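Peer 1: Before we start, here is the structure in question, set down as structure tokens.
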Amino acid sequence: MDTAAQLGSDPGVLDALTGGLTERQATRLANAVRLMFEREPDRVERLLLALPKGIDWVASLRDSSTGYEINELCQYTLEAGRVIRVQSLRRSLLRPATHPRVSPRQSAVACLVAGDRAGNLNLQVLHLQDGTVRTVAQKVSEAFDWTPDGRSLVFLAPLGGEGEKLQSLHRIEVLDENGETTSSSQPQTPATALVLNRPALQVLSDGRVVFASLPVTLPATEPNAEFVPRLFLADGIRVKPVPTAPGDLPTNLGWFVASPDGRHVAVVESETDAVAVVELATGATRILSPAHPGWQCRTLPSWRSSEELSYAALTDQVPSLLLWRIDDGTRRLSTDWTAESTAAWLEYQKDEVSSPPAKQP
């Protein structure tokens with residue numbers, strides 16, 4: 001604040017000083033300013049009022065309803081549909097626990113926690129009974145899942161720094177047969193993946209791992225070749241591609257959801273609104289909803305059972321909820337719903353097309 005105040009009232013000064021901050025660094029700055037304000041309110045107000053739009057910052061600090069943002073991971077105990085107990089598992093001002101996933105068989109939850117100033121993530125396991133915390137792996141991606149027995153974790157980790165496209169697939173046991181935290185063990189590394197956008201994986205009901213990758217053999221002998229992302233299955237140290245036909249899959253495989261029986265995967269493309277279902281054994285692909293110009297999906301499909309899938313799609317140019325059954329086709333569930341209740345599921349990008357599509361009669 002001292003530096004910004006000395007540089008003058010140019011509206012670009014503050015943006016130049018704070019524009020390059022990461023989300024975590026920006027949070028640290030906001031908390032530091034609030035702490036300074038509590039200790040030296042007059043000095044902080046004087047410095048802030050010298051900055052462009054500093055009066056808005058001062059008003060926020062004076063507002064008694066605002067304060068420090070505490071990130072907390074809690075366990076709720078229910079009885080007859082009512083909350084009877086709330087237990088705080090983790091609380092932090094600067095290092096929130098994100099993407100929590102409860103073990104399907106054991107009393108533990110895995111989550112991601114910021115590990116350093118560079119924004120790298122650590123994978124941690126919190127035991128729900130004794131409260132112990134173990135850091136399973138450092139510098140991982142956001143893609144991880146529990147194995148069906150709830151004792152091991154499978155995750156992707158970049159081989160380089162944050163944002164690295166080349167990632168290694170790991171499996172590590174974190175709980176023993178009694179559900180107790182195990183001692184440190186070395187993860188198995190069955191495969192290396194080259195991801196285009198968002199790292200993604202899911203452990204199937206039979207223990208196999210489905211993940212997305214570019215089918216590239218390194219070193220690449222054809223530097224100008226165009227590679228299309230594919231789905232792969234890892235079974236122990238064996239990895240094989242899902243035999244989809246060229247052009248059948250959406251081009252972005254960063255978001256997919258496997259069916260409970262592990263036979264199918266529903267894929268949704270975030271850059272468009274295309275939705276497809278892939279049979280993993282044969283690679284047979286069904287396009288449930290094609291891409292519509294200018295539209296982007298903002299929801300994940302949801303398997304209601306191994307035979308039924310609900311998903312958001314465009315019908316009559318309106319975002320809708322549809323239900324697809326493997327042997328019974330598709331029907332619309334949101335026929336009588338208001339447009340406001342479904343509007344956020346699909347997003348129309350006005351900049352990508354000259355005018356919105358005409359609504360069908």
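Peer 1: In Å, what is the Rg of the alpha-carbon atoms in the range 56-201, and how long is Dmax?
Peer 2: 17.8, 56
Peer 1: Among rounded, prolate and oblate, which fits the range 211-333 when a ≥ b ≥ c are the square roots of the eigenvalues of its C-alpha gyration tensor, a/c under 1.5 means rounded, and a/b larger than b/c means prolate?
Peer 2: Working: a/c = 2.56, a/b = 1.47, b/c = 1.75.
It comes out oblate by the Cα gyration axes.
Peer 1: Would the range 268-353 count as rounded, prolate or oblate if I go by the C-alpha gyration tensor, calling it rounded below 1.5 in a/c and otherwise prolate when a/b exceeds b/c, oblate otherwise?
Peer 2: Numbers: a/c = 2.32, a/b = 1.35, b/c = 1.71.
It comes out oblate by the Cα gyration axes.
Peer 1: I need the shape label for the range 139-181. Rule: rounded when a/c is under 1.5, else prolate if a/b > b/c, else oblate, with a, b, c from the alpha carbon gyration tensor. Intermediate results must be reported in sequence, preceding the final value.
Peer 2: Details: a/c = 3.63, a/b = 2.90, b/c = 1.25.
Judged from the Cα gyration tensor, the range 139-181 comes out prolate (a/c at least 1.5, a/b above b/c).
Peer 1: Now for a different question. I want the local charge near S305. Using Cβ-Cβ distances under 10 Å, sum +1 for each Lys or Arg and -1 for each Asp or Glu among the other residues. Please report the intermediate quantities before stating the final value.
Peer 2: Working: positive: R304, R325; negative: D261, E307, E308.
Result for the neighbourhood of S305: -1.
Peer 1: Could I ask something else about it? What are the trypsin sites (Lys or Arg not before Pro) within the range 23-131 that DSSP puts in a loop, where the Cβ has at most 11 other Cβ atoms within 10 Å? All intermediate terms of the calculation are to be shown ahead of the outcome.
Peer 2: Working: sites: R24, R28, R34, R39, R43, R46, K53, R62, R82, R85, R90, R91, R101, R105, R117; in loops: K53, R105, R117.
Passing both the DSSP loop test and the Cβ count: K53, R117.
Peer 1: Also, quick follow-up: Could you go through the range 98-110 in sequence order and give the Karplus-derived ³J(HN,Hα) for each residue, using 6.51 cos²θ - 1.76 cosθ + 1.60 with θ = phi - 60°, rounded to whole Hz, and x for Gly and Pro?
Peer 2: Calculated HN-Hα couplings, in order: 10, 6, x, 9, 7, 4, x, 10, 10, 8, 7, 9, 9 Hz.
Laboratory data are not the source of any read-out in this text; all were calculated from the coordinates shown. What you see is a predicted model, and the numbers here were worked out from it, not measured in a lab. Glycine also receives a Cβ, built like all others from the backbone with ideal geometry; neighbour counts cover every protein chain displayed.
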